[in-house]
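S.K.: After the structure tokens below, expect a handful of questions from me.
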Amino acid sequence: MGPLIPNGLIPMEWDSIIAIIIGIAFGFVLEASGFSSSRKLAGVFYGYDFAVLKVFFTAAAVSVIGIYYMDYLGYLDINQLYVHPTYLWAAIIGGIIMGIGFVAGGFCPGTSLCAVAIGKLDAWVYVGGIMIGVFVFSELYSFFEPIYNGYFLGNITLVDSFGWNPYWVIFIFSIIAIVAFVVSDVVRKKVKKVFYS
Amino acid sequence: MDKKKIARVTSFRYQILALIFILLAGGLVLLPKYQKQEGIKSEALLSHATSPERYISTDQIANKIINKDPSFILIDVREEESFKNYSLPNAINIPLAKLFDEESLPYLNQSQFDVVFFSNDHFYADQAWMLCNRRGFKNLRVLNGGLNTWFTTIINPEKPSQDMPAEAFELYATRKASSMYFGVFYPDQQAVAEESISNTPAPKKVITVQKKKKKPVEGGC
Amino acid sequence: MKTDKKTNSHLYWNPYYGGFLLGIIIIFTFYLTGRGLGASGAMKSSVVTIVDEVAPTHAENNAYYSKFIKEDDTPMNTWLVFETLGVLIGAFISGSLNNRIKWRVQHSPKITSRRRLVFALAGGILFGLGAQIARGCTSGAALSGMAVLSTGGFITMLAIFGSAYAFAYFFRKNWI
């Protein structure tokens, strides 16, 4: 019954090694999907390349379906998984700031690391910028703290907050994802092509 | 011909994939739901039951009370009358019949404190332990031997005879000191006793209860 | 800019294929460790380590750094740092298999590389700030959060993409 490490089925010492292996797979897939190119990433906001949307939504939908199947079949206890905590306004404000950063810099942290690995200098600068951003946040922590710690709703899922049936949520989410893919293909045909290398 | 067929099928590959995808997601909705077993599994219950952490000795408890250890709560599962008659300091009375009442659950179903059950022996305490464990409550312990052992070891410790090893004498001294803390009067040590009540003679040896090494899930960026 | 459409279109994996594999990786991550992926956590650990090295007393007094400073261990010894090391290795392997490794600044032909770097720095600062406020970036909060249907994960995802679309107009010169 998973998760394996928190339940002691794999010794804790393996944690770091598994972290590196998972990281390698993660980095490989991101890079191979083209996420090391900021122009490809930014394409999703201008309609000339929807790889981000497709990879992101496919990954989210596949993982959520897989996790719920594993829970259903008894391999994984969904209640033991780490649920990202919900701090309502921190998530909204942080998300908005990240969105501006995304479209200005053309990367998000995970993808910038991929670009760092293949020698993109703009990604090196971007990672430096992230570290400055973390530094700024930490230095001004007392200023951000009310937002950071306020409006805490707990480690909740959509099931907890709206009382929705998780299976229907997943089903509707999958349909939304497919509709989004179809729409993105239509949009891409209409938008002027942008080439980059 | 075959190539053409394959080409025709592959031109629909995204539609086919989308269909599979929706079928899989819809499968979750349509799958028959079964009631998941409430509480923990029998195997886990067994491993809890055989764990050495299940029982806590009277010496450990005395030690914790004297040191004003804030990490545990004592639950007296006997009837209310017996509880009023005598109980351990700061114990909370939850008779076995009222174990799952609304007002007792906050004490039992939490993860901050160790819950120590006790009764006259450890028979009823054990049942409370088992019932709560079945519900999946955490950090449950049973006072080994209950109040009877409490009296014979802490309140009225047996004086070791001369031929017993030194540890027995040490233990006796510790227990005697504890019993003074709990208000037992020794005629030969009146002065010491009075002093020790004010000073709360904490035994030097701090008994640490070893917790299983287990990491809670954490995460995020 | 030279446009060689044929090689360009075959340069990267089909996005659905990449997304499928990424989803499988997330499932495995949850199955093995009970937690999701992340990226910005490692950068936070690095910053904490640097500040702790340069000004230990300051780091201890700051309410935020002190959360991550451990008595007997460096702040770098976290799961996410190891995972990030793996990301660097994995991306390097993939990049070298496809001959994509070289030092360069990638930017639109309409802007100078200097401008690109300035915007990358500004974007990085904003993303770093936002990721700390929201307790996670696109991978940690949005992607891993959505995998367990976390409400916060969905809100973060909507906020990131919503604001990125809203502000895309102002940065269009950099990209198209």
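S.K.: Within segment C:101-137, can you find the residues that are free of Cβ contacts under 8 Å to residues at least 40 places away in the same chain and farther than 21 Å from A:Leu140 by Cβ?
M.R.: Within segment C:101-137, C:Ile101, C:Lys102, C:Trp103, C:Arg104, C:Val105, C:Gln106, C:Thr112, C:Ser113, C:Arg114, C:Leu117, C:Val118, C:Ala120 qualify.
S.K.: Quick one: count up the residues across segment B:103-136 that are under 25 Å from A:Gln80 (Cα atoms) and touching a strand residue (DSSP E or B) at 6+ places or on another chain (Cβ under 8 Å).
M.R.: The initial filter retains those residues of segment B:103-136 that are under 25 Å from A:Gln80 (Cα atoms), namely B:105-115, B:129-136.
Next, only the ones that are touching a strand residue (DSSP E or B) at 6+ places or on another chain (Cβ under 8 Å) stay: B:107-108, B:113-115, B:129, B:132-133.
Residues in segment B:103-136 being under 25 Å from A:Gln80 (Cα atoms) and touching a strand residue (DSSP E or B) at 6+ places or on another chain (Cβ under 8 Å): 8 in total.
S.K.: When both residues are 6+ apart or on different chains and their Cβ atoms are under 7 Å apart, which pairs have a first residue that lies in segment B:94-105 and is farther than 12 Å from B:Leu131 by Cβ, and a second that is at pLDDT 80 or above and buried (at least 17 other Cβ atoms within 10 Å of the Cβ)?
M.R.: B:Pro95/B:Val77; B:Pro95/B:Arg78
S.K.: What number of residues in segment A:1-18 are surrounded by fewer than 24 Cβ atoms within 10 Å (Cβ to Cβ) and small (Gly, Ala, Ser)?
M.R.: Summing the residues that are surrounded by fewer than 24 Cβ atoms within 10 Å (Cβ to Cβ) and small (Gly, Ala, Ser) in segment A:1-18 gives 2.
S.K.: For segment A:93-109, indicate whether the set of residues that are over 29 Å from C:Phe170 (Cβ atoms) and either touching a residue at least 40 places away in the same chain (Cβ under 8 Å) or outside any helix (DSSP H, G or I) (or both) is non-empty.
M.R.: Filtering segment A:93-109 for residues over 29 Å from C:Phe170 (Cβ atoms) gives none.
Looking for residues that are over 29 Å from C:Phe170 (Cβ atoms) and either touching a residue at least 40 places away in the same chain (Cβ under 8 Å) or outside any helix (DSSP H, G or I) (or both), one finds none in segment A:93-109, hence no.
S.K.: Further question on the same structure: Can you tell me which of (1) within 7 Å of chain C (Cβ to nearest Cβ); (2) under 30 Å from B:Ser47 (Cα atoms); (3) part of a helix (DSSP H, G or I); (4) not β-branched (Val, Ile, Thr) is the one A:Leu4 doesn't meet?
M.R.: With respect to (1) within 7 Å of chain C (Cβ to nearest Cβ); (2) under 30 Å from B:Ser47 (Cα atoms); (3) part of a helix (DSSP H, G or I); (4) not β-branched (Val, Ile, Thr), A:Leu4 is out only on (3).
S.K.: When you look at B:Asn139, is it closer than 19 Å to B:Leu45 by Cα and without any contact (Cβ under 8 Å) to a residue 40 or more places away in the chain, yes or no?
M.R.: Values: closer than 19 Å to B:Leu45 by Cα: yes; without any contact (Cβ under 8 Å) to a residue 40 or more places away in the chain: yes.
Criteria met by B:Asn139.
S.K.: Any residue at all in segment A:150-169 that is within 9 Å of chain C (Cβ to nearest Cβ), crowded, with 23+ Cβ neighbours inside 10 Å and not polar (S, T, N, Q)?
M.R.: Scanning segment A:150-169 turns up no residue that is within 9 Å of chain C (Cβ to nearest Cβ), crowded, with 23+ Cβ neighbours inside 10 Å and not polar (S, T, N, Q).
S.K.: Now a separate question. Do any helices (runs of 4 or more DSSP H) lying entirely in segment B:23-128 carry at least 1 residues that are within 14 Å of chain A (Cβ to nearest Cβ) and under 15 Å from the mean Cα position of the chain (by Cα), and which ones are they?
M.R.: Numbers: elements: B:42-49, B:58-66, B:80-85, B:105-108.
Once the helices (runs of 4 or more DSSP H) in segment B:23-128 are filtered for at least 1 residues that are within 14 Å of chain A (Cβ to nearest Cβ) and under 15 Å from the mean Cα position of the chain (by Cα), what remains is B:42-49.
S.K.: Okay, next question. It is to be established whether one or more residues within segment C:111-124 are assigned to a loop (DSSP other than H, G, I, E, B), surrounded by fewer than 21 Cβ atoms within 10 Å (Cβ to Cβ) and either on the phi > 0 side of the Ramachandran plot or among the β-branched types (Val, Ile, Thr) (or both). Don't jump to the end; show me each part of the working.
M.R.: From segment C:111-124, those assigned to a loop (DSSP other than H, G, I, E, B) are C:111-112; that's our starting set.
Now drop any that are not surrounded by fewer than 21 Cβ atoms within 10 Å (Cβ to Cβ), which leaves C:111-112.
Now drop any that are not either on the phi > 0 side of the Ramachandran plot or among the β-branched types (Val, Ile, Thr) (or both), which leaves C:111-112.
Checked against the condition, which is being assigned to a loop (DSSP other than H, G, I, E, B), surrounded by fewer than 21 Cβ atoms within 10 Å (Cβ to Cβ) and either on the phi > 0 side of the Ramachandran plot or among the β-branched types (Val, Ile, Thr) (or both), segment C:111-124 yields at least one hit.
S.K.: Taking the condition under 21 Å from B:Phe72 (Cα atoms) and assigned to a loop (DSSP other than H, G, I, E, B), does B:Phe151 pass?
M.R.: Working: under 21 Å from B:Phe72 (Cα atoms): yes; assigned to a loop (DSSP other than H, G, I, E, B): no.
Taking the combined requirement at face value, the residue does not satisfy it.
The values are calculated or read from the model by the stated rules, or taken from the named source; none is laboratory data. Because the structure is a prediction, the values reported are computed rather than measured. As a convention, Cβ positions derive from the backbone with ideal geometry for all residues, glycine included, and neighbour counts pool all protein chains shown.
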